[in-house]
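One structure below.
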Amino acid sequence: MSMPTKQTAEREFRYLEKLIRETPVHIDLTDQVMSRLYKGSLPEQVRPKKWGRAVWVAASVFALFVIVASTGLVSPVMAESLKKIPVLSSLFQAAGDLGLKTADEAGMVTKLDVADTHDGVTLQVPVAAFDGTRVSLGLERKHGAAATDTIGEQIQTIDLSINGKPVQTYAPGNSNTIGISTYPGMDKDSSIIEFSDLHNQGGRPFPDKFELSLSVYLNGIQEPFVLKIPVSKNTTKEQIAAPNVSRHAQELDFTLKKIERTPITTTISTQIAIPIDKKLTLPIQTMGIEVVDDTGKKLKLLGGNSWNDTDGHLLMTDYHFEPLLSDYKTLTIKPFYYLFQDDKHSFVLDGNGTPQIAFIPELEITVSANR
């Protein structure tokens, strides 16, 4: 029997981590696991530091911000609507992501015919979108035999390169890395892959136009699926506010650094600072924000990136929300804590199993529309 190569062993180890992380559980994590999670050593999907719609299922604290938006269940009305649009773009229509749906309807996506086949299985990328903030790729699987697992469950690892260079060359020169996430698509044979740059956290912005090399390793298939995808920014980015306004409460300073919008994504960048002789506690590390406009409408959180250095006193976060309506007048940023039980490991849940939160009024910030 041949011995496994170091590369194969590493992929299998990462796959085991992925299986453990994606096992649905109630949030009840040990101090060691929570420490590793927020120091960046626990990978999210296939790379660390990315959190979003799928994180609750993955037992990651940031998953508490939002329930998975796409369940793969399509109503008869939606199914009929999907029949009227091109098949290549229907992945984004059914994603439960208002930004991707808007991009699809407005023609701000790139339709592709990129595929690779191994062992009777074909992976195809039929559609891509890039708004200068996040890159979204539709991924479809075709195979002769019926599959029992979803494509997300079969994915071991994903490697990315931009114009021939690893995507991490665009990350800041510290432990902060660009994360890759996968979300459910229309069915078990489709998925959406997303990643974002970290230009608001010291990284380099992605080029407006580049060739993306996507290498996908599937469980049970030795060779990677390699897909070369032309990516172009198809929207404009608008900085609607850079107030750099801070609020102070409970030995921490909360700063709203910047708000950026595209037709696909609203990005809100924040920073939390504590005294240098203090440590970031779990309630601080798991803080979230709610964003409400002047009509009372809450923006839906899509995902984001959060990072703090080991034993550091700064926490930087980019929140990705659904696109803003054009007629809003003000936005209010409302920070909150998650409530923990006495053991400090488990969240306080309501009768529906939803984690309870406590808003921090002293940290609220309201900004006016920049017109």
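The values are calculated or read from the model by the stated rules, or taken from the named source; none is laboratory data. Bear in mind that the values here come from a model prediction, so they are computed numbers and not experimental data. All Cβ positions, even for glycine, are placed from backbone atoms using ideal geometry, and neighbour counts span all protein chains on display.
Some observations on this one:
- Within segment 178-208, the residues that satisfy the criterion of being part of a strand (DSSP E or B) and either polar (S, T, N, Q) or outside the structural domain of GLN93 (by TED's automatic domain parsing) (or both) are SER181, THR182, SER190, SER191, SER196.
- Residue that is farthest from ILE193 (Cα to Cα) [pool: residues in segment 231-260 that are within 23 Å of the chain's Cα centre (by Cα) and polar (S, T, N, Q)]: THR255
- Scanning segment 94-119 for residues that are touching a residue at least 60 places away in the same chain (Cβ under 8 Å), of a type in the set (Asp, Glu) and surrounded by 19 or more Cβ atoms within 10 Å (Cβ to Cβ) yields a single hit, ASP97.
- LEU331 vs. criteria surrounded by 21 or more Cβ atoms within 10 Å (Cβ to Cβ), under 22 Å from the mean Cα position of the chain (by Cα) and either at pLDDT below 95 or not assigned by TED's automatic domain parsing to the domain that holds GLU364 (or both): no
- Options ALA106, ALA115, ALA128: the member that is under 24 Å from ARG261 (Cβ atoms) and at pLDDT 95 or above: ALA128
- Residue match in segment 213-221 (condition: among the β-branched types (Val, Ile, Thr) and part of a loop (DSSP other than H, G, I, E, B)): yes
- Qualifying residue in segment 335-349 (condition: modelled with pLDDT under 90, touching a His at 6+ places or on another chain (Cβ under 9 Å) and of a type in the set (Phe, Trp, Tyr)): yes
- Criterion violated by VAL167 - all others in (1) under 21 Å from GLU322 (Cβ atoms); (2) within 20 Å of the chain's Cα centre (by Cα) satisfied: (1)
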